[in-house]
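First the structure, in the form of structure tokens, and then the observations on it.
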Amino acid sequence: MNLFSFILRPSLVRRVSLTLLMASIVIWVVLMAYYYWQETAQVTTSAKQRERGELVMTVLAKIENAEQARTVATWYSTLFNAQYQRAALPEKFVLQLQNKQGQVLFASATASRFPFQGTAGEVTENEFNGDRYQIYRSESGPWTLLMGEPAPDRGWLLTRLSRNLTMSILISFPLLLIPIWFAVTRGMRPLQTLSNLIVTRGPDDLSPLKLDVKYAELLPLTEALDRLLSQLRTKLSHEHGFVQDAAHELRTPMAVISAQAHVMMKADDPKHRQEAAKNLDEAIARTSHLIQQLLDLARIDQNETMTIEKLDLCQILRQTMAEMAPLAIERQIELELEAPDELIQAIDKHTFLSIIHNLLSNALHYGNDRGQVLVELTVADNTVVLSVADDGPGIADEKRALVFERFYRVAGTDKSGSGLGLAIVAQAVTRLHGNVRVETGLNTRGCRFIVEIPMS
């Protein structure tokens with residue numbers, strides 16, 4: 001794998017790092033906006049100016065001596081300007097102190113030219129040398145204090161906030177990233193252990209993982225894998241049994257085909273050859289039918305994508321019954337249909353045909369000669385209900401649940417069959433999210449197979 005592919009490959013650690021980086025950038029932007037708004041808001045800056053003026057006036061209010069007042073004003077002017085210098089502000093703080101007669105006791109370097117105007121106790125704005133200043137005027141006792149503070153310079157403020165916040169983010173980012181990276185890396189170790197456990201397994205080993213998981217987040221994954229392995233074991237077991245049963249069922253007709261072909265080759269009597277040819281045709285037909293049923297069952301088992309389309313179920317049912325009418329006529333069975341003229345339903349045609357064909361074939365094959373087969377198609381509670389009933393020998397109650405198993409045939413019957421027809425019906429009905437059950441048939445005899453399929 002080249003470096004470019006490695007970089008582009010999704011990584012949980014990389015995603016966490018990028019998420020943390022994006023979060024840091026968002027925090028940086030939000031804090032920049034908040035602090036900028038806070039520093040430039042008129043209310044905030046005015047409050048700071050007023051707070052400084054009241055601080056100085058609180059001290060001056062206790063002094064009556066002009067020289068002491070000058071000293072206090074000088075000290076505060078030096079203090080405030082020192083703060084400005086430490087903050088690298090481009091302008092200087094301006095302060096002027098007057099007595100009650102208007103005599104200037106102290107003035108900053110540029111205070112003599114500064115336009116001190118405003119109402120006592122209020123903060124106003126004025127310009128001086130092209131710069132905006134916030135001016136505060138306060139009067140208390142014999143003293144009048146005039147203060148001019150540069151209004152916040154937006155460019156300087158943005159630079160200062162950016163520098164301070166960027167440094168904080170750069171320091172905090174690795175301090176957050178390192179423990180998160182460490183936690184994610186350690187948290188991924190059980191997944192690596194699980195991966196190694198699966199890789200080292202043999203292709204036929206489908207036993208449970210039996211992995212001791214300490215993290216609650218990984219428990220659903222291991223449980224899901226164990227369930228999957230269990231399903232695979234069950235499926236492989238069924239397929240293995242299916243192959244064995246299919247081989248067993250095919251062995252008999254193949255033996256008959258071989259025997260009858262041998263008779264045809266060796267028999268001198270034309271009558272014997274004709275009888276062998278008839279038996280051979282019947283054996284080939286049974287084998288072909290069995291193979292077709294095996295293919296149908298395999299197709300349904302593989303869960304191939306169904307083609308859902310709106311169809312007239314009554315029309316399909318009538319066509320299928322017409323195709324199977326010769327068998328009913330041959331056995332003198334009365335074949336009846338009770339259904340509406342039309343029933344439109346979105347369904348997979350091949351799956352529905354498998355259900356109809358196998359139920360009708362079962363009824364006509366195992367029913368009594370000169371008997372009756374009744375097919376009904378109705379709709380009840382938003383469900384399509386298909387019923388196929390006969391008056392044949394029926395199935396004992398305790399055996400009814402077994403007839404849907406593969407290769408199961410009711411004991412005592414003299415009819416040949418593969419035992420796959422009803423298994424195909426059960427699988428097809430399940431595929432359509434329906435259900436099938438067996439009840440007593442016509443005239444309290446025989447069987448009635450009822451299929452219920454939810455309407456779309």
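For a 18 Å ceiling on Cα separation, which of these pairs sit above it: LYS310/LYS349; LYS48/LYS92; LYS210/LYS235? Beyond 18 Å: LYS210/LYS235.
Here's the picture: charge each Lys and Arg Cβ at +1 and each Asp and Glu Cβ at -1 in segment 170-228, and of THR185, PRO174, ALA216 the one pushed furthest to the positive end of that dipole is PRO174.
Can you tell me the mean projection area, over all orientations, of the convex hull of segment 305-454's alpha carbons? Units nm², please. Computed as one quarter of the Cα hull surface, the answer is 8.7 nm².
If a/c stays under 1.5 just call it rounded; otherwise compare a/b with b/c (prolate if a/b is bigger, oblate if not). Do that for segment 186-230, with a ≥ b ≥ c from the square roots of the Cα gyration tensor eigenvalues. Oblate. For LYS100, the lysines whose Cα falls under 23 Å of its own Cα, not counting residues fewer than eight places away in the same chain, are LYS62. Remark: C-alpha extents of segment 132-230 on the principal axes read 100, 27, 18 Å, sorted largest to smallest. Descending by average beta-carbon neighbour count within 10 Å, the peptides 443-449, 267-273 line up as 443-449, 267-273, the highest first. Extension gain, LEU225 to TRP75: 0.36 nm times the residue separation minus the Cα-Cα distance gives 46.2 nm. Shown here for segment 45-83: GluC sites (Glu not before Pro) in loop regions (DSSP other than H, G, I, E, B) with at most 14 other Cβ atoms within 10 Å, namely GLU64.
For segment 55-104, what class follows from the C-alpha gyration tensor (a ≥ b ≥ c being the square roots of its eigenvalues): rounded when a/c is under 1.5, otherwise prolate if a/b is larger than b/c, else oblate? Prolate shape, in that a/c is at least 1.5 and a/b is the bigger ratio.
Where a number appears in this text, it was derived from the coordinates with a stated rule and is not lab data. Here the structure is a predicted model, which means the values were calculated and not measured. All Cβ positions, even for glycine, are placed from backbone atoms using ideal geometry, and neighbour counts span all protein chains on display.
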